[in-house]
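Single-structure report; data block below.
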């Protein structure tokens, strides 16, 4: 557990970076600090491992005032990942990862063995260890950065905008990886980002900071989107926060119905409604518009491409999107295996949302 | 000490001689800069344009730049067949140094001109030479100017060595002061050399700013 | 022709023996240069590491380095000689003085040039100040540091020849003595040896540089070159006039 | 851009022309009858500079256009510059000049040397009247060394092997063998210093050398209490001050003026002039002007 008690940080030039912060990060959770630049989120993070010391107030890690601990010793027990990964260019990937174990007095052999383990854990090939950081892509460098932070098995992991320098596709992969690692290792993660989407995607709790180092709201992502504390938070979480809030609505009430389907390779006769074409493995391939006829067996070139697929049981945001993006107006629901499960209408999703709002009162 | 300096500088004839040496020093150190820019731009362009040439030219430049000045001052007349006492030897030697100094930055600056800018100029109908002179070269000016500044400070310092081979300039004050165990001329020579370097540097900064108004407008460097 | 004179001078066995012989002169010159550069490194590297590591005194250092770069070496050696009242020791001290700024500047720039993220990560991982300096900042500063050493060496080789004017031995001797009597063979021969020594010493140091600079840093020369160009352009950059390598674009001082 | 280019080009042109006009070395080249500017050259030591200033001043007082080019270097350089037209006049020393023109020369007395010099001087150059003033090479030792019983080169000879001699670089080529032949003196080591300048003097003072080659008019000898060694076998030839002129550069009026200077120069007044420059730090030009005034030239 990490606790901020009335923590303020004023820099030498007089700017107040953090103003009277009270906040508790629960052990074993991912907590995200988010806000515009200059809001004090990074400063707050850096006070946890004493890269900065507070001007007033106390920061506690597991009940212990960090100011009582020698900084290097404190830091060896706290993993730290930064934006450009900050890998040592003069050391191989393996030696980069082995750094903290070596600092903590492990033998070189043990440290390297541990490092190899971690490279595997973050999804990198073993022979990657012999390379130098300049020979890696940005996404690979970030994975190494995470591996390096985890090398000494610290209970706490601090991540300062770790994924903001990589492209969106890679970033999403890294976020998933982080969630998987977290599920596996159960570390306490404090994660700083300026990207609210990233915050609500990975955070169990999100702290929104505003300019001047003031904590504007500290809540679960769903609450943040549903009930912003003030105008600042409302505008920061964005115009489509209602829609994004659907990520957190329970999908249990959505009733999946059977729809009209047809099969690739079989003859088809004109119908007055849209027909969903499935392949031999029961996977949806596309929609056949009403009134289409085919002389022979049904082929793909007659089909209109489908919308997004909704995986049964996931957040209702996907369910609504599947309906909105479908040419037929019917959202296609699939099983986690990818097999066709049924269809749904947008109105059904809205009903579920209304019902939940009514329950919450 | 100050009394010595006062006495030394109190002589009108001495002051006139110092002024002569200063003028000599200025042209001995700055003419090579002008010549070197005229040489380094085409050579740098050649390095930029023809890759195989680059390694060879820059390699030669590196080696030439390594040769100590005193050695170059006497090798030049030996190779070029000029008189040992001809002041032009120093000018040739410093031109060689400054050219060696400038080729690589010029080539790299031309490399750094964005392709889209060159493409846009070509698309607008520029022929290669006008395009080079009006688009590519001006964009390389900041880098060229930085090199010229380094070269001017270095040349102003090096010209003094020429006094050993009798080429004139402020270095004469050092040889004169030394042979008479007289610190005053040496100190005057050092101060004037430093002052000259500073003034020329400031003038070059002003010149660069005048030639590249866009860098001021952006408030950032172009590279 | 002059090169005939040079050949005659070179092939005269008398010029290859004794205290004034070529091997003795080369040895002397080499000794002066290596000793002066080594002494300068002993002073400049720790100081440069300190200034770069703490960030204190950088402005003074860069300003002072620029002033020394503009200092005419002939003026410096004559002043040193006269003030000290003769002898070779003050001149050798002068060589050390001239070799300090390039190494200092190179070391300082090297440490300053280390990616802020890397330094931040080093602290964040729990390195002590000393560990950060030795394990991270120093290895990463080596390319620029070695560049500074190469500049210093060139400076010293050149200045040692000039210092023959105030009586220093070494390869400046045949050059100056040849000049006095226009013995072209001796004059140009001496000059060629000075030039050769400078080129060979630089080559030697470039080999040393390859050996000591960590492989991971050598793999990205292109980006470093780009950085250097940009730095050369930016007036406000503290590194603009400090040494970056023993190369023409280094801005190191020479004589 | 076009305007910038024009500025750069015109600046270069300006600098080039400045270069041309202050390039005094080329000045006398085509002057033929001696009507153009006469460049008086000097070697890189004070006495020679003073003499050059005196010559130039005398030529100017005779209504000619004269200037000086100082610090040119040793004889070989100066004579070359004279022959290739860079210089018009140089103050020279009879003995060394003769040896330079005639390597086989054995003559050493003042009159013999001067007479031979007239014959051996190459075409196109002329030696004018010699002055009484003489600035000979002289070997000196410290007072302590002299006290061990050394008053002449002959006394020195048996002990040469213990001593290091400090002298200008050219001394070795010119005198080393001669000294061995005539006196049987071969020094332990030759230390190249400068032509009677601070390095030679300091080397002797601080013991880096035990014998130094200086010049008879040097102010350092008295100042440091050095002892001049006698040269009983006249190894060093007489060194009367003589103007060496390029025929085409100096007309009769100029020659008369230079001869007038030679008539007025004595070793004593020359030594005094050197002291005023080296010790009292007066300028060669001032000292020269003063000399000309006092002697009504």
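Throughout, read-outs are computed from the coordinates displayed, never taken from laboratory work. This one's a predicted model, so the numbers in the text were calculated from it and none came from an experiment. We place every Cβ from the backbone using ideal geometry, glycine too, and count neighbours over all the protein chains shown.
Rounded to two decimal places and with Rh computed the Kirkwood way over Cα pairs, what is Rg over Rh for the stretch B:59-101?
We get a ratio of 0.96 for the stretch B:59-101.
Given the rule -39500 (n - 2.57) for each run of at least 4 DSSP H residues, summed and divided by the residues of chain A, what is its mean residue ellipticity at 222 nm, to the nearest 500 deg cm²/dmol?
Here the helix-only value at 222 nm equals -9500 deg cm²/dmol.
Relative to the longest principal axis of the C-alpha atoms of chain A, give the angle of the C-alpha long axis of helix A:316-325, reported between 0 and 90° and rounded to the nearest 10°.
Taking the Cα atoms of chain A, the angle to A:316-325 is about 50 degrees.
Choose one answer from A:283, A:76, A:244: the residue with the largest mean-square fluctuation in a GNM of chain A with alpha-carbon springs under 10 Å.
A:283
Based only on other Cβ atoms within 10 Å, what is the fewest-to-most ordering of A:112, C:150?
Ascending number of Cβ neighbours within 10 Å: A:112, C:150.
Along the principal axes of its C-alpha atoms, what lengths does the stretch C:46-99 span, in descending order and rounded to whole Å?
Result for the stretch C:46-99: principal-axis Cα extents of 40, 21, 14 Å.
What three numbers, in Å, describe the spread of the alpha carbons of the stretch D:149-228 along their principal axes, ordered from the longest?
Extents along the principal axes: 31, 28, 22 Å.
Just tell me how shielded C:196-203 is by partners: mean number of partner chain Cβ atoms within 10 Å of each residue's Cβ, no decimals. Write down the numbers at each step before the final one.
Working: counts 3, 3, 6, 5, 1, 1, 4, 2.
What the average comes to for C:196-203 is 3.
If I build a Gaussian network model for chain B, linking alpha-carbon pairs within less than 10 angstrom, which residue out of B:48, B:21, B:116 has the largest mean-square fluctuation?
It is B:116.
222 nm [θ] for chain C, helices only, -39500 (n - 2.57) per DSSP H run of 4+, per residue, to 500?
So the helix-based figure for chain C works out to -24000 deg cm²/dmol.
Quick one: compute the contact order of chain C, relative version, from alpha carbon pairs under 8 angstrom and 6+ residues apart, as a percent.
Relative CO of chain C lands at 27 percent.
When the distances between all Cα atoms of the stretch A:252-360 are binned every 10 Å from zero, what whole-number percent does each bin get?
Percent of pairs per bin, in order: 15, 45, 27, 10, 2, 0.
Between 0 and 90 degrees, rounded to the nearest ten: what's the tilt of helix D:284-294 against the longest Cα principal axis of chain D?
90
Could you work out how far helix B:183-211 tilts from the main Cα principal axis of chain B, as a 0 to 90 degree angle to the nearest 10?
Tilt relative to chain B: about 20 degrees.
Sort D:287, C:149 so that the residue with the fewest other Cβ atoms within 10 Å of its own Cβ comes first and the one with the most comes last.
If I rank by nearby Cβ atoms, fewest first, I get D:287, C:149.
Kindly state, as a whole number, the per residue volume in cubic angstrom of the convex hull around the alpha carbon atoms of the stretch A:11-136. Walk me through the numbers before you get to the answer.
Details: hull volume 19.9 nm³, N = 126.
It is 158 Å³ per residue.
Using square roots of five times the C-alpha gyration tensor eigenvalues, list the equivalent-ellipsoid semi-axes of the protein assembly as shown in whole Å, biggest first.
In descending order the semi-axes read 84, 32, 25 Å.
Out of A:254, A:48, A:78, any idea which swings most in a Gaussian network model of chain A, alpha carbons joined below 10 Å?
Of A:254, A:48, A:78, the Gaussian network model singles out A:254 as fluctuating most.
Taking the Cβ of each residue in B:18, D:72 as the centre, tally the other Cβ atoms inside 10 Å and list the residues starting with the fewest. Don't skip to the end; give the middle numbers.
Details: B:18 20, D:72 25.
The order, fewest Cβ neighbours first, is B:18, D:72.
Shielding of C:172-179 by partners, i.e. mean partner chain Cβ atoms within 10 Å per residue?
6
Quick check: convex hull over the Cα atoms of the stretch B:1-133, volume per residue in Å³, rounded to an integer?
In the stretch B:1-133, the Cα convex hull volume per residue is 181 Å³.
Expressed as a whole percent, how much of the Cα-Cα distance distribution for chain C exceeds 27 Å?
When all Cα pairs of chain C are counted, 42 percent exceed 27 Å.
What Rg and what Dmax come out for the stretch A:2-237 when only alpha-carbon atoms are used, in angstroms?
17.6, 55
So what is the 222 nm mean residue ellipticity for chain D from helices alone, if each DSSP H run of at least 4 adds -39500 (n - 2.57) and you divide by all residues, rounding to the nearest 500 deg cm²/dmol?
-14000 deg cm²/dmol
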